Amino acid sequence: MTETVHTLVIGGGQAGVATSAHLQKQGVPHLVLERDRIAERWRTWRWDSLVANGPAWHDRFPEAEFDGIDPDAFAGKEAVADYFARFARERNLPIREGVEVSKLHRHGDSFEATTSQGTIKAGNVVVATGPFQKPIIPTVITDPGITQLHSNSYRNPAALPEGAVLVVGAGSSGAQIAEELVRAGRRVYLSLGPHDRPPRRYRGKDFVWWLGKLGKWDMKAPTPGTEHITIAVSGAYGGHTMDFRRLATLGVTLLGRAGEYRNGVLRLADDLRTNMEAGDRNYLSVLDEADAYAAANGLELPEEPEARTLLPLPDCVTNPRLSLDLRDAGISTVIWATGFRLDFGWIDLPIFREDGRPRHQDGVTEVPGLYFVGLPWLSCRGSAFIWGAWKDAERLAGLIAAG
């Protein structure tokens, strides 16, 4: 059976829901296909205690607030998924769940999508499958006695085998998982790469507020060489600055970047102190910019000089390990918080770069009628966030409506 629609949206997460809402406003007939449930990744690709990294007043669509959550609190993962599902239901968005697209190609003047429920033809296609597609595990550890999982499969400390845990990755996921594990009484090793670590709050304002005032959400492209630098921030435990020195005082052993594994030993780069100090510089630079902005604009915000006081570098940083024998360290589990790569192998169109990313300008591809939304840096730094996807979707829906 072949079905024909004006515009097909592939993906029912935050980007797909936002796109549908704006297409509906523009009066554009469309259909959204979601292979699981709406916002399923929030439910099943996240650990149990995960909360949003931004406060509820910020991490949402501009037209709908969270139910029963204080605006300054951090919504849990189920609450976030419920938010999108409720938004779609209340607006009667045409989202069809449980339908997977296995191939998309061009056929004449239209697109054809092969799905688990037949073929769909469309004049326009918006790919809204998001950036979290194929988990990356960069190092092969061959010891069958060690449990290995990506952060998308981690659930809680009790679900892991007894023993120490090695977490690889210094972004928000790795840092938050390491903290949860050490708070649960686990022996934890955390491998850090280059990272930024902004203050959670400064002078009475959340860092997302400061990023807006400083114009950082609207940045059009990352600084060359920083595209893969992760950001360590947390809304857990009421929200706090992610400070790796503090994690060390809790008992986490900090390590340099994970390298080659051979004969039970993991090699570690001699870059731990460099990465730590670069993260500190990033942290302090945000404070400097915030202070300058407050002074220039006459903002009467409480000063916070204590925010500049850093704990001493722990011994594991000043005397870093350059190798780690996993068995000798009692490590029974390795959690790879090493991010994801895009996987658009199901799109049979010549629009991809060598690294797998689509060629586009602010989400508009060189193939007429084909668009992307929800990807990092699609049009600006905020594009991969809930409100950023909303803004990009609004612009793309306008283009589609204009024909």
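Eight or more residues apart or on different chains, and alpha-carbon atoms under 15 Å: count the Lys pairs in the chain matching that.
Values: Lys25/Lys391; Lys103/Lys121; Lys205/Lys213; Lys220/Lys391.
For the chain, qualifying lysine pairs total 4.
Going by amide H atoms built from the backbone, whose H comes under 5 Å of the H on Ile69, apart from near neighbours?
none
Tilt of helix 14-25 relative to the longest C-alpha principal axis of the chain, in degrees (0 to 90, nearest 10)?
With both axes taken from Cα atoms, the answer is about 30 degrees.
Please list the radius of gyration and Dmax for the stretch 1-96, considering alpha-carbon atoms only, with Å as the unit.
Answer for the stretch 1-96, Rg first and Dmax second: 14.2, 49 Å.
Give the range of the longest stretch in the chain that excludes all GluC sites (Glu not before Pro) found in loop regions by DSSP and having at most 11 other beta-carbon atoms within 10 Å. Write down the numbers at each step before the final one.
Numbers: sites that count: Glu63, Glu162, Glu227, Glu300, Glu303, Glu354.
Segment 64-161 is the longest.
Quick check: with the 1.4 Å probe, what order do Arg89, Arg245 take by accessible area, largest first?
Arg89, Arg245
Using only alpha carbon pairs under 8 Å that are at least six residues apart, calculate the relative contact order of the stretch 10-141 and give it in whole percent.
Details: 189 pairs, mean separation 40.2, N = 132.
Result for the stretch 10-141 is 30 percent.
Could you give me the percent of Cα pairs per 20 Å distance bin for the chain, shortest bin first, beginning at zero and ending with the bin that holds the maximum distance?
26, 54, 20, 0
Considering only the other residues whose Cβ falls under 10 Å of the Cβ of Ala21, what net charge follows from Lys and Arg at +1 and Asp and Glu at -1?
Counting the neighbours of Ala21, the net charge comes to 0.
By the gyration tensor of its Cα atoms, with a ≥ b ≥ c the square roots of the eigenvalues, what is the shape of the stretch 301-403: rounded for a/c under 1.5, prolate for a/b over b/c, or oblate?
oblate
At 222 nm, what value in deg cm²/dmol follows for the chain if DSSP H runs of at least 4 each add -39500 (n - 2.57) and the sum is divided by all its residues, to the nearest 500?
Details: 9 runs with 103 residues, N = 403.
Rounded to the nearest 500, it is -8000 deg cm²/dmol.
Could you list which residues have their amide H under 5 Å from that of His240, counting only those 5 or more apart in sequence or on another chain, with H placed in the peptide plane?
Under 5 Å from the amide H of His240: Ser234.
Report D for the stretch 45-121 in µm² per second (integer): Stokes-Einstein, Kirkwood Rh on Cα pairs, 25 °C, 0.890 mPa s.
Approximately 162 µm²/s, per Stokes-Einstein.
Over the Cα atoms of the stretch 68-160, Rg to Rh with Kirkwood Rh, two decimal places?
My calculation puts Rg/Rh at 1.09.
Between Ser285 and Arg267, what is the label-to-label distance in nm when each label sits 7 Å out along the Cα-to-Cβ direction?
Each label point lies 7 Å from its Cα, and together they span 3.0 nm.
With a ≥ b ≥ c taken as the square roots of the eigenvalues of the C-alpha gyration tensor of the stretch 70-221, please select rounded if a/c is under 1.5 and otherwise prolate if a/b is larger than b/c or oblate if it is not?
Since a/c reaches 1.5 but b/c is at least a/b, the shape of the stretch 70-221 is classed as oblate.
How would you classify the stretch 163-265 from its alpha-carbon gyration tensor, with a ≥ b ≥ c the square roots of the eigenvalues: rounded for a/c under 1.5, else prolate if a/b is greater than b/c, otherwise oblate?
Numbers: a/c = 3.28, a/b = 1.45, b/c = 2.26.
Oblate is the answer for the stretch 163-265, as a/c is 1.5 or above yet b/c matches or exceeds a/b.
Work through the residues other than Gly256 whose Cβ is under 12 Å from its Cβ and net out their charges, Lys, Arg +1 and Asp, Glu -1. Walk me through the numbers before you get to the answer.
On the way: positive: Arg257, Arg267, Arg273, Arg321; negative: Asp270, Asp271.
Once positives and negatives cancel, what remains is +2.
When the accessible area of the chain is split by element with a 1.4 Å probe, what percent falls to carbon and sulfur?
Summing carbon and sulfur atoms, their accessible area is 49 percent of the total for the chain.
Using modelled backbone amide H atoms (1.01 Å from N, in-plane), which distant-in-sequence or interchain residues come within less than 5 Å of Gln148's amide H?
Val334
Going from most exposed to least, what order do Val9, Val364 have by accessible area with a 1.4 Å probe?
From most exposed to least exposed: Val364, Val9.
The values are calculated or read from the model by the stated rules, or taken from the named source; none is laboratory data. From a predicted model like this one, the values you see are computed outputs, not experimental measurements. Every residue, glycine as well, gets a Cβ built from its backbone with ideal geometry; the counts of neighbours run over all protein chains shown. Note: areas computed on protein heavy atoms with side chains; ligands, DNA, RNA excluded. Shrake-Rupley method; radii C 1.70, N 1.55, O 1.52, S 1.80 Å.
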